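Asker: My structure is below; once you've seen it, I'll send some questions.
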Amino acid sequence: GGDLQRSTESSQPKYAMIAAGVLAIIIFGSLFPFDFYANPNPAGPLAALIATYGIPGGRGDLIANILLYIPLSFFSVLALSSRPRFKHVLLVIFAGWMLSTAIELTQFYDRGRFSSLSDVYANVAGTGLGAVAAVLLHSKFRLPAIGNTKQHPFVVLLLACWLGYRLFPYAPTIDLHKYWQAVKPLLFAPSLPGLALYRHTVGWLAIALLFEALVGVARSRLVFILFIPAVLFTRILVVDITLSPAEVVGGIIAALAWVGPLSRLRIGVILITLMFVGTVIVQSLDPFHFSATARPFGSIPFRSFMFGSIATNVSSFFEKAFTYGALTWLFVRAGCSLRTATLLGGSLVLCLRLEQVYLSGRSAEITDVFMLMILAAMMKLMSEDPSGLGRRP
């Protein structure tokens, strides 16, 4: 008990550093490109903000603004106390409200930015969700089937990012016609591209390894077998989602492989890691149609996320966060040090981004390398060390 308490208390400064990093990203993303000017609107920033009280934001804006503040409040609560309480939730929600309001007021003077109270509402909601989640994580309530999440918070983060990517836009519906449309591709003229099947199969196997870290090898088999149909069924219920034969067949292959030889072989971790590296390459260079003329390489981090479709950007962010976080985690799980894993992963991703200047429709920029480095730093600060897991019976 005392060792656990001292370990938790020693983690508080680390959580504060993560929260500070998230805060810097929020400020950067909210005020970029920092083109401030003297706004001629005579109403002033506060009156202009209040005037938007009845203007609703779009679904993409709402989701993005909620998700933006969840990690900030989550790590802020953990940084405040080794035993988070309701008072810490209130304090962090108040701070999130002040931060969001200050940013919206500042955007009044930022060219190309627009203040909106709907953004403040969403930010406060996200702050509350993250703060409550932090308290629940450190409460005495624990599901035995999930395992000890306190020992592997980075694994939980990766699973959350994967679900955030696969279940976007998180809007279930009661519509039998939608359910039919979601499963229709599985029944009529199903297409099973080899690369897509490979990518989904390896993705499912990476999820199996994450579950192994939480619950051990033996229980991970049952949890993984139940998890696959649960996710597929949930995807059927969510609007704008259609199941593909590749993800279903890939899940079946991954389940059979994990229950069979892969979970029993010590070399299974290395095989999954190498296959996952293959998926990163395929995702980055597919469809392998290179042009002779190179496009400019983007040197501003997160620039692509600040423009274009918000819905696409949110889904893409979760996908990239899982991919590069899992890549680093798998390298360490396979036996590399965290420093070596970061160098290997960063070098691979940088080379792939440089190759993308010859691919049309790809955002060839430094963002992905920054994301991998940030996730590696979070892995270090969250004291995640998958190298010592071993293959438990």
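The values are calculated or read from the model by the stated rules, or taken from the named source; none is laboratory data. Everything numeric here is computed off the predicted structure, so don't read it as measured data. Cβ sites come from the backbone with ideal geometry, for glycine too, and all protein chains shown count toward neighbours. Side chains included, ligands, DNA and RNA excluded: accessible areas come from the protein's heavy atoms. Shrake-Rupley method; radii C 1.70, N 1.55, O 1.52, S 1.80 Å.
Asker: Output the residues belonging to region 92-119 that are open to solvent by less than 20 Å² (accessible area, probe 1.4 Å), touching a residue at least 40 places away in the same chain (Cβ under 8 Å) and β-branched (Val, Ile, Thr).
Answerer: Matches in region 92-119: 103 only.
Asker: Then there's this: Which of the residues spanning region 182-210 are in a helix (DSSP H, G or I) and free of Cβ contacts under 8 Å to residues at least 24 places away in the same chain?
Answerer: Within region 182-210, 187, 194 meet the criteria.
Asker: The conditions are (1) at pLDDT 95 or above; (2) under 28 Å from residue 351 (Cα atoms); (3) within 20 Å of the chain's Cα centre (by Cα), and residue 283 fails exactly one of them. Which is it?
Answerer: Failing condition for residue 283: (1).
Asker: Which residues, taken from region 174-186, are out of contact with any helix residue (DSSP H, G or I) (no Cβ under 6 Å at 6 or more places or on another chain), open to solvent by 40 Å² or more (accessible area, probe 1.4 Å) and either farther than 13 Å from residue 246 by Cα or of a type in the set (D, E, K, R) (or both)?
Answerer: 174, 175, 176, 177, 180, 181, 184
Asker: Sticking with this structure for a sec: Test of understanding: among 25, 55, 70, 63, which residue is in contact (Cβ under 8 Å) with a residue 12 or more places away in the chain, under 21 Å from residue 164 (Cα atoms) and open to solvent by 60 Å² or more (accessible area, probe 1.4 Å)?
Answerer: Just one listed residue meets the conditions, 25.
Asker: Which one of these does residue 261 not meet: (1) at pLDDT 95 or above; (2) part of a helix (DSSP H, G or I)?
Answerer: Single failed check for residue 261: (1).
Asker: Would you mind finding the one in 205, 271, 197 that is surrounded by fewer than 20 Cβ atoms within 10 Å (Cβ to Cβ) and closer than 20 Å to residue 333 by Cα?
Answerer: Criteria check complete, one pass: 271.
Asker: Let me ask something else about it. Could you list, in sequence order, the residues of region 354-370 that are part of a helix (DSSP H, G or I) and open to solvent by 10 Å² or more (accessible area, probe 1.4 Å)?
Answerer: 354, 355, 357, 358, 369, 370
Asker: Could we say that residue 214 is more than 23 Å from residue 169 (Cβ to Cβ) and either outside any helix (DSSP H, G or I) or open to solvent by 30 Å² or more (accessible area, probe 1.4 Å) (or both) here?
Answerer: no
Asker: Going through region 303-330 one residue at a time, which ones are of a type in the set (A, V, I, L, M, F, W, C) and open to solvent by less than 30 Å² (accessible area, probe 1.4 Å)?
Answerer: Answer for region 303-330, where residues must be of a type in the set (A, V, I, L, M, F, W, C) and open to solvent by less than 30 Å² (accessible area, probe 1.4 Å): 314, 321, 322, 326, 327, 329, 330.
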